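Written below as structure tokens is the structure these notes are about.
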Amino acid sequence: MSAAELYLSSDSLHPIDLVETIAEHHAWDFDRMDEDQIAVALEGQWRTYSLSLALAPYDGTLRLICTFEMDPPEAALPALYETISRANDMVWSGAFSYWESQRLMVWRYGLLLSEDQPAGMDQIERMIGAALNACERFYPAFQLVAWAEHSPSAALDIALSDAVGRA
């Protein structure tokens with residue numbers, strides 16, 4: 001086992017140190033806000049997503065928030081909220097919400113940590129991957145509802161359908 005592998009496999013590593021190592025490995029832009037928080041920019045197919053991970057030591061939660069800007073017309077908000085609710089019914093490892101005052105679509109996930117079972121590198125990579133996948137998966141549905149006046153069910157059907165054939 002190399003020194004790097006030994007370092008990365010240590011159970012005593014701070015979760016935000018692990019996130020920083022992952023970000024460096026993938027050459028993602030990141031900013032270490034402080035010991036317990038990091039912000040990362042993730043390039044997706046549809047857009048760049050802002051990801052923040054923070055450790056809340058008082059309750060032992062590693063909080064992940066993935067956001068992207070969205071400024072839908074006021075008239076589209078009821079349909080957008082319905083789409084968010086339907087999307088949340090389709091996922092198990094987090095949830096969407098819309099922060100209207102900041103004009104941000106948000107994917108949130110909290111991992112409860114234990115002193116006996118700290119977060120590992122693989123677990124944190126899976127959290128980040130799940131956040132990016134959820135945002136990429138549902139982004140088209142949110143856009144179709146907000147800007148093309150599709151119904152929530154039609155937008156989700158279109159956005160989640162598998163492409164058949166070739167272009």
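The values are calculated or read from the model by the stated rules, or taken from the named source; none is laboratory data. Note that the structure is a prediction, hence the values are computed from the model and not measured. In this analysis, Cβ positions are derived from the backbone assuming ideal geometry, glycine residues included, and neighbour counts consider all displayed protein chains. The area values use the complete protein model at the heavy-atom level, side chains included, leaving out ligands, DNA and RNA. Shrake-Rupley method; radii C 1.70, N 1.55, O 1.52, S 1.80 Å.
One table, with the values for the structure above:
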item	result
Segment E149-E43, extension gain: residue separation times 0.36 nm, minus the distance between their alpha carbons	35.5 nm
Value of [θ]222 nm, deg cm²/dmol, for the chain, DSSP H segments ≥ 4, -39500 (n - 2.57) each, nearest 500	-13000 deg cm²/dmol
Relative contact order (%) - the stretch 108-167, alpha-carbon pairs under 8 angstrom, separation at least six	25
Sites D17 and R108 - FRET efficiency at Förster radius 35 Å, r taken between beta-carbons, to 0.05	0.95
Length released on extending from S97 to Y81, taking residue separation times 0.36 nm less the Cα-Cα span	5.0 nm
Which of L113, G44, H14, positive extreme of dipole for the chain (C-beta unit charges)	G44
Span per principal axis, largest first, for the Cα atoms of the chain (Å)	54, 42, 27
Residue-span extension gain [R126 to E69] - 0.36 nm each, minus C-alpha spacing	18.2 nm
Charge dipole (debye, nearest 20) of the stretch 46-126; +1 at Cβ of Lys and Arg, -1 at Cβ of Asp and Glu	140
Computed E for I158/H25 - FRET, C-beta separation, R0 45 angstrom, nearest 0.05	0.80
FRET E, pair E35, E115, Förster distance 30 Å, beta-carbon r, rounded to 0.05	0.95
Accessible-area composition of the chain, carbon plus sulfur, in percent [1.4 Å probe]	51
Descending semi-axes in Å of the stretch 99-167, equivalent ellipsoid built from Cα gyration tensor	31, 18, 9
Surface accessible to a 1.4 Å probe, per residue, for the residues of the chain, Å²	59
